[in-house]
Amino acid sequence: MLELLLSSNGPTSPCADGETVCDLTWDVTGRRQLAEWSDVLIGTPLAIIGLLLLGLVIRWLLQRLVDRIARRAERGVLPERVESAVTARRKQRAATMGGVLKSIITFIVVAIIGTMVLSEVGVDIAPIIASAGIIGIALGFGAQSLVKDFLAGIFIFIEDQYGVGDVIDLGEANGTVEVVTLRMTRLRDINGTVWYVPNGEILRVGNKSQNWSRAVVDVGVGYGEDLARVQRVLREVAHDLWEDDEFNHVIIEEPEVTGVEMLAADSVTVRVMVKTAPLEQWAVARALRQRIKARFDHEGIEIPFAQRVVWHREDRRHQEDEPSVPAPTAGEG
């Protein structure tokens, strides 16, 4: 009975549940004030330091994962003969995508760890979370277009839809991409006009320079030409271009002569297709047309002019109204 009375009247621990440093200090010293202050001076700083270290470790691991993804994105899908022509641009895209992902990871980690640190120092985080929810709702209603632009921009980077230097078709706006941000895309068309397109307004993208391109050259010849001979000459011209040192680093595969593409009113159209490195299709097509014209002139193959039948009708009434002039007779002055 005496032992039960002593145990009930004995000193009680001042530590709350889960305060390990306070419990340890109380067990060692038995002093209430020292135990209470130990948790504030030792436990809370240790918890904050632990949270900060945890946040740094998580951020480091996630950023290493992003670097690994970016390095994988730098690997090309083109043959080695044209790989060097696009390596720099692909690295730039991968670096941009990695930078965006790292910024997002840093923001999320800082927000979570910061909230946990405030909770450790005794700040009631419930109003903060509630305020964040209210702000999120307000942004959702008041800045829908802005949020839409940013989300679309994130997916543009992640999916690598296009990057700086690409030639793209956005519908009304077509041209070369100059700047890509999370909010908008700036491109310049062939006339020099600069277009600013919000990312959220982009419904479709046609990228003319991603990974590889294709030069398509249609050649019209006369109906009287031997088409087998024409295709043989075109294959020889395209093969010579393929083996030319000036173009072997931008032409990916052996050019292909697909044959008769169309029977037009004035000519027979034969198509030649050349797979090229990005943005090189126009230069290759121009060089190929020039060589085809020179070879056709040498071989005597006709590239016909437009043929038209013109009917000329004289006005008989006008001729009848005109006075007739007698022809001069011999001997008149």
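If you go through segment 202-243 and keep only what is over 22 Å from Ala285 (Cα atoms) and touching a residue at least 24 places away in the same chain (Cβ under 8 Å), you end up with Ile202, Leu203, Arg204, Val205, Tyr223, Gly224, Glu225. The sole residue among Val274, Val233, Val284, Val268 that is β-branched (Val, Ile, Thr), crowded, with 17+ Cβ neighbours inside 10 Å and out of contact with any Leu (no Cβ under 9 Å at 6 or more places or on another chain) is Val233. Look at (1) more than 30 Å from Val270 (Cβ to Cβ); (2) at pLDDT 85 or above; (3) not basic (Lys, Arg) and you find that Ala143 fails only one, number (2). Quick check on Leu227: is it crowded, with 16+ Cβ neighbours inside 10 Å, at pLDDT 90 or above and touching a strand residue (DSSP E or B) at 6+ places or on another chain (Cβ under 8 Å)? So Leu227 does not fit the description; no. Residue count for segment 205-217, restricted to those that are exposed (fewer than 14 other Cβ atoms within 10 Å of the Cβ) and over 14 Å from the mean Cα position of the chain (by Cα): 1. Suppose the filter is modelled with pLDDT under 85, in a helix (DSSP H, G or I) and of a type in the set (A, V, I, L, M, F, W, C); does Ala152 pass it? No. Taking Val221 as the residue in question, decide whether it is over 22 Å from Gly171 (Cβ atoms) and among the β-branched types (Val, Ile, Thr). Judged against the criteria, Val221 is a match. For segment 144-183, give me each residue that is of a type in the set (D, E, K, R) and touching a residue at least 40 places away in the same chain (Cβ under 8 Å). Those that are of a type in the set (D, E, K, R) and touching a residue at least 40 places away in the same chain (Cβ under 8 Å): Lys148, Asp149, Asp160, Asp166.
Kindly indicate whether Leu52 is modelled with pLDDT of 75 or more, outside the structural domain of Asp244 (by TED's automatic domain parsing) and in a helix (DSSP H, G or I). Judged against the criteria, Leu52 is a match. Count of segment 208-229 residues, restricted to those that are more than 14 Å from Arg291 (Cα to Cα), touching a helix residue (DSSP H, G or I) at 6+ places or on another chain (Cβ under 9 Å) and hydrophobic (A, V, I, L, M, F, W, C), is 4.
The values are calculated or read from the model by the stated rules, or taken from the named source; none is laboratory data. Fair warning: this is a prediction, and the values are worked out from it, not measured in the lab. Here Cβ is always computed from backbone atoms with ideal geometry, including for glycine, and neighbour counts include all displayed protein chains.
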